[in-house]
Amino acid sequence: MRSWLFIPADSERKLARGLEAGADMVILDLEDSVAACAKNQARANALAVLKERAGGRHAGRSPAIFVRVNGLAGPHCEQDLEAVLPGAPDGILLPKAGGGRDVARLDARLTAGEALCGIPEGATAIAAIATETAASLFALGSYAGASPRLAALTWGAEDLSAELGARAVFDESGGLTAPYVLARALCLAGAVAAGAAPIDGIYAAFADEEGLRTECAAAARDGFTGKLAIHPAQVPVINAAFTPSAAEIEHARAVIAAFDAAGRPGTIGFEGKMLDLPHLKRAEKLLGRAAVAAASKAGTRK
């Protein structure tokens, strides 16, 4: 999944627009974008969207649907889960995750909820926002083995900056300051270690297409496989950035073919360079991402 688009679930207008934006994943948001007085309406709207999908209303290319519930420590999470699980969302996005233990707690709650709703056990995936508290930075290595449901980890700077008491997230040149460079890198490593998709955080300047394109290119370069979006206009840029190009695919196939022709030794000569097994693994991963992107473009949820 390349593009993960947040949609405030209390707005029927934004829901309708977001579902047609071409995102691979839409996140029906019950948390930060929804005021406390609007939580019940947001839950009802989210359930309605899920039931409409189950009834075939969203024919053709249909995005996967996750629901961002409120954090486990707050008063709203249990109500969120009870409200939306009957609609069988593809997954739950857990904010303010404190590590693998929180994912395991959510896993147990989903297992019980699936049983009550007649949903096959394990059908509801989990994604987690893994860097929103200071303590969470020390737990990025704990997600491995926490739950077979864990599909993705992503990161965020705003809640973390508020907790740290930071005056800014970006420096004078527009780059992330050191604490958030660290958080981003730990999220990437923690996700890969857990066998989950690493998803880059939001780009808040939704009208700055060129800035978004630059940030997406850096994220794809570093190993992220997708990015959060906060506006439908960001979706095409994100999808393009995280779709391997024809040239990249051709090169990856040529690398694999060269290793195969040589009997897959530890090293080969290729186009005047010495390649070893990490180059082969990188090529195989790129082709895997290309296949996922193609499936997402066709509307096949993976």
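The values are calculated or read from the model by the stated rules, or taken from the named source; none is laboratory data. Everything quoted here is computed from the prediction, not taken from an experiment. Here the Cβ is made from the backbone with ideal geometry for all residues, glycine too, and neighbour counts use every protein chain on show.
Assorted remarks:
- Among the residues listed as ALA144, ALA128, ALA123, the single one being closer than 20 Å to ASN70 by Cβ and among the aliphatic types (A, V, I, L, M): ALA128
- Residue count for segment 225-263, restricted to those that are in contact with a Lys or Arg (Cβ under 9 Å, 6 or more places away or on another chain), closer than 23 Å to ALA291 by Cα and not aliphatic (A, V, I, L, M): 8.
- Residue in segment 204-219 that is over 30 Å from GLU31 (Cα atoms) and basic (Lys, Arg) present: no
- The C-beta contact set for segment 114-141 (first residue in the same structural domain as ILE202 (by TED's automatic domain parsing), second residue basic (Lys, Arg) and assigned to a loop (DSSP other than H, G, I, E, B), distance under 8 angstrom, 6+ apart or interchain) comprises GLY122/ARG149; THR124/ARG149; ALA125/ARG149; ILE126/ARG149; ILE129/LYS96; GLU132/LYS96; THR133/LYS96; SER136/LYS96.
- Meets criteria (acidic (Asp, Glu), at pLDDT below 95 and in a loop (DSSP other than H, G, I, E, B)) for GLU172: yes
- Test for ARG221: is it more than 28 Å from GLY145 (Cβ to Cβ), loosely packed, with under 14 Cβ neighbours inside 10 Å, among the basic types (Lys, Arg) and touching a helix residue (DSSP H, G or I) at 6+ places or on another chain (Cβ under 9 Å): no
- Test for PHE138: is it modelled with pLDDT under 95 and exposed (fewer than 15 other Cβ atoms within 10 Å of the Cβ): no
- Some residue of segment 118-135 being touching a Ser or Thr at 6+ places or on another chain (Cβ under 7 Å), part of a helix (DSSP H, G or I) and surrounded by fewer than 19 Cβ atoms within 10 Å (Cβ to Cβ): no
- Which listed residue is touching a helix residue (DSSP H, G or I) at 6+ places or on another chain (Cβ under 8 Å) and acidic (Asp, Glu), from ASP29, ASP107: ASP29
- Qualifying residue in segment 146-161 (condition: closer than 24 Å to THR214 by Cα, at pLDDT 95 or above and among the β-branched types (Val, Ile, Thr)): yes
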